[in-house]
Amino acid sequence: MSAVTGDMAAAPPRANRALRQLLAAFNTNKTSWVGLATFAVVVAIAILAPVLATHDPIEQNILEKLKGPSAEFILGTDGFGRDIWSRLVYGARLSLWIGGVSILIAMVVGSLIGMVAGYFGGRLDIAIMQVMDVLLSFPSLILGLMVVAMMGPSVGNLIFAIALTAIPPFARIARAPTVSVKERDYIEACRALGYSHPRIMAVHILPNIFPEILVMGSLWLATAIRVEASLSFIGLGVRPPTPTWGGMIREGFENILDTWWLSMAPSVAILVVVFALNMIGDGLRDFVDPKLKGERGG
Amino acid sequence: MAEAPALSVQGLTTEFRIGGQWHAAIRGIDFDLGKNETLALVGESGCGKSITALSIMGLIPKAAGRIAAGKILFEGQDLAQLDEEHLREIRGDRIAMIFQEPMTSLNPVLTIGFQVAEALRYHRGMSQAEARTHALELLEQVKIPSARQRLDDYPHQFSGGMRQRVMIAMALACKPQILLADEPTTALDVTIQAQVLLLLAELKQLYGMSMIFISHNLGVVATIADRVAVMYAGEIVETAAVGDLFDRPTHPYTEALLSSIPRVDRTSDTLMAIPGQVPAINRMPGGCRYAPRCALRQPVCERPPALAPVSGSAPTHLARCWVRAGGDR
Amino acid sequence: MTQAAPLLQVEGLRKFFTVKRGFPNPRTVTVRALDGVDFGVREGEAFGLVGESGCGKSTAGRALLRLIEPDEGRVRFRDTDVLALDRQALRALRRKIQIVFQDPYASLNPKRLVGKALAEPMRVHGLAEGRALAERVRALLDEVGLPPEAAERYPHEFSGGQRQRIGIARALSVEPELVVADEPVSALDVSIQAQVLLLLRGLQDKRGLSYLFVSHDLGVVRWFCQGVAVMYLGRIVERGPLPQMFDEPLHPYTQTLRAASPVPDPRARVTMVRIEGEVPSASAPPPGCHFHPRCPHATERCRVEYPAWKEMGQGRGVACHLYDR
Amino acid sequence: MLQYLIKRLLYAVPTLLAVLTVVFFVARVLPGDPAQVMLGEQAGAEAIQALRVRLGLDRPLVEQYVDFMQGALSGDWGTSLVTGRSVLGEVLNVIPFTIELTLASILLGALIGVPLGAWSALHRNSLVDYATRIGSLFGLSFPAFVMAIMLLLAFAIQLDWFPVISSGGGGSVSERLLHLALPAVNLGIIMAAYITRVTRSSMLEVLGEDYVRTARAKGVPHRAVVWQHCLRNALIPVVTVVGLYLGILIGNSVLTEIVFNRPGLGKLIVGALTQRDYTMLQGLMVVYTFIIVVVNLLTDLTYGFIDPRVKYQ
């Protein structure tokens, strides 16, 4: 209701810097705090894996196989007698590393592609976005499967495959606001003032589209972790005996009638991480998306 | 006024919630709308003119706003007290409204014919076919060229001016007693604005309606209104017959407003700007709301003035000013 | 006329936008935004460009700055052929010609402190550094009537009128000689509109600025400008000095615009005129005189032949068959 | 409408060619030698070379490309390196199961997601809205195979209501539905989570539109405002999202088919991967390409059906 917002827009708050804005973003949606806290714990666990792990995650000990939870083996042992807890914390490292690096790559490359396409427009834009759309319409898991199958499973290849599938969405998410920001008068003012294209893009467009890219980043990090786990589950992830969550679930699933509980701990772990990231992204998105602003008044 | 008014608004106060606190967007609005009369509500953005219309229609968003006090008397009922179901029966039937943005005020996925016919189906219980025939007549009445072919077209196939005509046809479908027109020509080019104003004036005559015409444009108001109420910061600050108001603007705000308009019909070197800006809804001054920007400010303006008769003018000419109109209760 | 040579001279400016629509058989739709436009702005003058939406008046303002590259025509600014400039020279020229926009909410970068937004142009063009720069920002703010603290705030903390002042200050930062003002007061309330108009007028006197003032509001143009051109569907239909042109408009379209412009005087309402039709699309302008379908004086000739430009003396000119001798 | 349909059909052709080209180049231009990967790290150089010749990998890239495109479009996808049977035949054998599963889960997702999302939007900030939002967020956080395993454990193994190995079922309809149930529910829940969220946010946006206020000003009853004026507008972005998430759905169906041991493209592709059946993989890529093009076409057609503005662009 424009009349209402017109009345209310008159009250200007005091200056707020980037950090305050981010805090405000988190405060608009309390669940994002829960998400952030949870994710921070998982990251801490991954970093501290060597300290937290009680056993070697790879060394087999057939004598101790398939033990239930105990003081020595917090979550019990798997079919090779390896400590599940230790494998879980090392698995977190791998999951976060592969997901984080691949999304970072996709974020940088994709945003750059999208921004350039959107800013310059014309044939370049059409050509780039056509390729992106084609890649985007391809199921990311199938694309990942294909790439890993062709190149062989290794941490580097997994990162490459996941980054490849995530570049198109970032290109898209960066392009749309670039196109609309570009149309705004202040970009025209920049051109009228004789600023160079790189300056306009870096100083005047990027800060305005960055929040959306960041939101997308948190949501796609969730997706990346899920895809990595899926590939490992299918058997195309990092080779055993390296501990991965997807691989651990697979081990439990292969004997689902006898040792189904082996799947449970890594399943919960993935769910917690992905859910936490989605909560962060969700809360931030509500804040970034101007269309939904004011929705949570009072 | 000898004849009973078509609508009587008394002490209307509508509040909105900002940061958990309720603030009045309009306060103590009083006016009578006579039969066949066009009353213009004029003021700058944020003065509460649209809120007034939405309050009458019962369209204030419930989550953030409420009518806190006052009566809206229409046909012996107080609209402020009616429940949603009874209000709905009145809306679009006996009181209709048209809006500012013809581009966004029509539903993009429904045909023009359907949207015009809709009010007839709900209020008159007409069948699809009957309502459609009526819709065609209405579209012809608002002078949409080749209306018969356009009945099944969608809004995006119409120009801005034509969409506003469709809006008018929709509003008039049930022959309402009162039409609320909220800045109906603001989004249009001047030549189209002139066409729409003429159309509204003609149809008002034809239907024998009363009209509340909301505008920020004093030129448009001078063209169409019988009576004018000038609003500032949620209050009516001056009200008079259109001739009296333009001849003898009494409230300092009205006066300043009139002399801040560059006129197309005469050359004047002076252009008066009002210093400062409209106070925010949650930071209203306690006394006269215009005082902080007023050149005639006196110590007495610390207290809120009431609408009072302007001496030497018609008895219907009222102004809310201690200095110019006594303003005492 | 024996007045000084114009500061800006625009001749035969043309810009067609082509849009392809439809898939298997794409149709090329040509929108004639500017179809041979001539006008000039004299030193110290405010020249108005008026017309309804889609007439090409904003495109004209942007084309002479080369924010939109025109297809054809000549633009001379003093002794410079603007359309022939290379990138480097164009950057230098843009110090001389600046632009102020309509929408005060879209014309400022929301993520940039006002002080930075004002300092950036001067830094880019190497006009000032360090303390001198800060001093100039302060002076600019003062010139447009804002307190020095404004530099430490973000655009969203200001009202529409204040933002428009910031936009003006930004344009002034590079010390231009000509300002293209594209509907600078259309988005503002009347009382604020007057404030901004007075500011612009003051700058004109103090700095000797010239303006190309694009607007749809005849009243504002009459008050602010000394000369005006009326545009309809990408062409200028009438041009001349003010207030003569609005007191005695020659072209039927100017007459229509004049009659349709509301006047805050109830006694003027008798002139409520009947106006035919709507503005046709600029992609399919009517043949002959573009205005003929809406013109009360249209003749057979108007339907086939676009009227040639006729100088009518006293700096006035019109494109209408009614004035053929 | 017919003209629009023909236009979209024609438009699908270049898209198809483009996607096939991308598939080809992703397969060939990526670093890594398929022959090497297929034969493993210990394979000798001669063996690898022999396989390269057999697969035509030794020929010039352009020639391979022309060959690939011709084969792809004519349906001649070669024979499986492992079974020796025609790739097309294998695909046609299992594709009904995959289509059945995908359609069932979209249907389930829409039937749950649209009403839930709309309802949640209409009761914004209520307790139920809050629960719906958290619930749907949780739902889409599930990797498909994790939820599949949990469903399998609970309903097939513990409760024994459904078959553990859903072979797809025999002849009878009820049998088929029984086998379809768990996999479809698995994918349907995730789909529903997505749809709920989009429906909710687009509905919220629509509820704030001017034309909704117009409808209320006309005295249209609340129910008609919601159903006739809002829902159709709100569905436009839902279609976009469903179209986009079909990619995810197809990926998820692979995982689902593995967990439930259900025949389908997913099992075929995993089989081909583990047995390094190169021609089968290539054929499957072509199949997925066709599926994507068809899905995009259907999405576009749905737009034309819901949004009158689309047809006239």
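The values are calculated or read from the model by the stated rules, or taken from the named source; none is laboratory data. Only a predicted model underlies this, so the values are computations on that prediction, with no experimental measurement involved. Here the Cβ positions follow ideal geometry from the backbone for every residue, glycine too, while neighbour counts run over all protein chains shown. Accessible surface is based on the protein model in full, side chains and every heavy atom, while ligands, DNA and RNA are left aside. Shrake-Rupley method; radii C 1.70, N 1.55, O 1.52, S 1.80 Å.
Per-residue answers, yes or no, for (1) in contact with a helix residue (DSSP H, G or I) (Cβ under 9 Å, 6 or more places away or on another chain); (2) in a helix (DSSP H, G or I):
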| site | (1), (2) |
| --- | --- |
| B:186 | yes, no |
| B:205 | no, yes |
| B:213 | yes, no |
| B:237 | yes, no |
| B:243 | yes, yes |
Failed item, numbered, when residue B:198 is tested on (1) open to solvent by 10 Å² or more (accessible area, probe 1.4 Å); (2) touching a residue at least 12 places away in the same chain (Cβ under 8 Å): (2)
Residue list for the range C:195-224, restricted to those being closer than 25 Å to residue C:151 by Cα and within 7 Å of chain B (Cβ to nearest Cβ): C:195, C:197, C:198
Conditions (1) closer than 15 Å to residue D:97 by Cα; (2) among the hydrophobic types (A, V, I, L, M, F, W, C); (3) open to solvent by less than 20 Å² (accessible area, probe 1.4 Å); (4) within 13 Å of the chain's Cα centre (by Cα); number of the one not met by residue D:293: (1)
Residue list for the range B:119-144, restricted to those being open to solvent by less than 60 Å² (accessible area, probe 1.4 Å) and in contact (Cβ under 8 Å) with a residue 24 or more places away in the chain: B:119, B:120, B:123, B:135, B:138, B:139, B:142, B:144
Single condition residue C:119 does not satisfy, out of (1) part of a helix (DSSP H, G or I); (2) open to solvent by 40 Å² or more (accessible area, probe 1.4 Å): (2)
Filter result (open to solvent by less than 60 Å² (accessible area, probe 1.4 Å) and either in contact (Cβ under 8 Å) with a residue 60 or more places away in the chain or of a type in the set (S, T, N, Q) (or both)) within the range C:79-94: C:80, C:94
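Looking only at the range B:6-51, which residues are open to solvent by 50 Å² or more (accessible area, probe 1.4 Å) and at negative phi?
Across the range B:6-51, the qualifying residues are B:10, B:17, B:21, B:22, B:27, B:30, B:32, B:35, B:45.
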Options D:244, D:255: the member that is touching a Ser or Thr at 6+ places or on another chain (Cβ under 9 Å), open to solvent by less than 30 Å² (accessible area, probe 1.4 Å), within 9 Å of chain A (Cβ to nearest Cβ) and part of a helix (DSSP H, G or I): D:255
Set D:250, D:291, D:258: member being in the same structural domain as residue D:162 (by TED's automatic domain parsing) and closer than 28 Å to residue D:67 by Cβ: D:250
The one condition in (1) outside any loop (DSSP other than H, G, I, E, B); (2) without any contact (Cβ under 8 Å) to a residue 24 or more places away in the chain that residue B:275 fails to fulfil: (1)
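Each row is one residue, and each column tells you yes or no for (1) surrounded by 15 or more Cβ atoms within 10 Å (Cβ to Cβ); (2) on the phi > 0 side of the Ramachandran plot; (3) among the β-branched types (Val, Ile, Thr).
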{"residue": "C:268", "(1), (2), (3)": "yes, no, no"}
{"residue": "C:274", "(1), (2), (3)": "no, no, no"}
{"residue": "C:285", "(1), (2), (3)": "yes, no, no"}
{"residue": "C:288", "(1), (2), (3)": "yes, yes, no"}
{"residue": "C:298", "(1), (2), (3)": "yes, no, no"}
{"residue": "C:315", "(1), (2), (3)": "no, yes, no"}
Filtered residues of the range B:7-50 (kept if within 14 Å of chain A (Cβ to nearest Cβ), farther than 23 Å from residue B:203 by Cβ, in contact (Cβ under 8 Å) with a residue 60 or more places away in the chain and touching a helix residue (DSSP H, G or I) at 6+ places or on another chain (Cβ under 7 Å)): B:16, B:18, B:25, B:26, B:43, B:44, B:45, B:46
Filter pass, residue C:293 being without any contact (Cβ under 8 Å) to a residue 40 or more places away in the chain and facing chain B (nearest Cβ under 7 Å): no
Single residue of A:257, A:214, A:236 found to be within 14 Å of chain C (Cβ to nearest Cβ) and either at pLDDT below 85 or open to solvent by 50 Å² or more (accessible area, probe 1.4 Å) (or both): A:214
Any hit, the range B:152-166, residues being touching a residue at least 60 places away in the same chain (Cβ under 8 Å) and not in a helix (DSSP H, G or I): no
Output for the range A:53-88, where each listed residue is open to solvent by less than 50 Å² (accessible area, probe 1.4 Å), closer than 19 Å to residue A:261 by Cβ and not charged (D, E, K, R): A:57, A:68, A:73, A:76, A:77, A:79, A:81, A:84, A:86, A:88
Residues of the range D:143-159 that turn out to be of a type outside the set (A, V, I, L, M) and more than 12 Å from every other protein chain (Cβ to nearest Cβ), as a count: 1
Close pairs from the range C:196-223: first at positive phi, partner open to solvent by 10 Å² or more (accessible area, probe 1.4 Å) and not in a strand (DSSP E or B), Cβ under 7 Å, at least 6 apart: C:208/C:44
In the range B:285-298, residue farthest from the other protein chains (Cβ to nearest Cβ) [restricted to those that are surrounded by fewer than 16 Cβ atoms within 10 Å (Cβ to Cβ) and in a loop (DSSP other than H, G, I, E, B)]: B:298
Residue within the range C:177-194 that is more than 14 Å from chain B (Cβ to nearest Cβ), assigned to a loop (DSSP other than H, G, I, E, B) and modelled with pLDDT of 90 or more present: yes
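Filter the range C:113-148 for residues that are of a type in the set (Asp, Glu) and within 10 Å of chain A (Cβ to nearest Cβ) and give the result.
Within the range C:113-148, just C:120 meets the criteria.
Among A:93, A:123, A:87, which is of a type in the set (Lys, Arg), modelled with pLDDT of 80 or more and more than 24 Å from the chain's Cα centre (by Cα)?
Result: A:123 is the single residue among A:93, A:123, A:87 that is of a type in the set (Lys, Arg), modelled with pLDDT of 80 or more and more than 24 Å from the chain's Cα centre (by Cα).
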Breaking point among (1) in contact with a His (Cβ under 9 Å, 6 or more places away or on another chain); (2) modelled with pLDDT under 95; (3) surrounded by 21 or more Cβ atoms within 10 Å (Cβ to Cβ), for residue B:186: (3)
Residue ID - nearest to residue B:94 (Cα to Cα), chosen from residues in the range B:51-78 that are more than 14 Å from chain A (Cβ to nearest Cβ) and part of a loop (DSSP other than H, G, I, E, B): B:75
Selection from the range B:259-275 of residues that are touching a helix residue (DSSP H, G or I) at 6+ places or on another chain (Cβ under 8 Å), more than 7 Å from chain C (Cβ to nearest Cβ) and either at pLDDT 85 or above or farther than 16 Å from residue C:196 by Cα (or both): B:268, B:275
Hits in the range D:195-240 (condition: assigned to a helix (DSSP H, G or I), open to solvent by less than 30 Å² (accessible area, probe 1.4 Å) and either free of Cβ contacts under 8 Å to residues at least 24 places away in the same chain or of a type in the set (Gly, Ala, Ser) (or both)): D:202, D:211, D:212, D:214, D:215, D:217, D:224, D:225, D:229, D:234
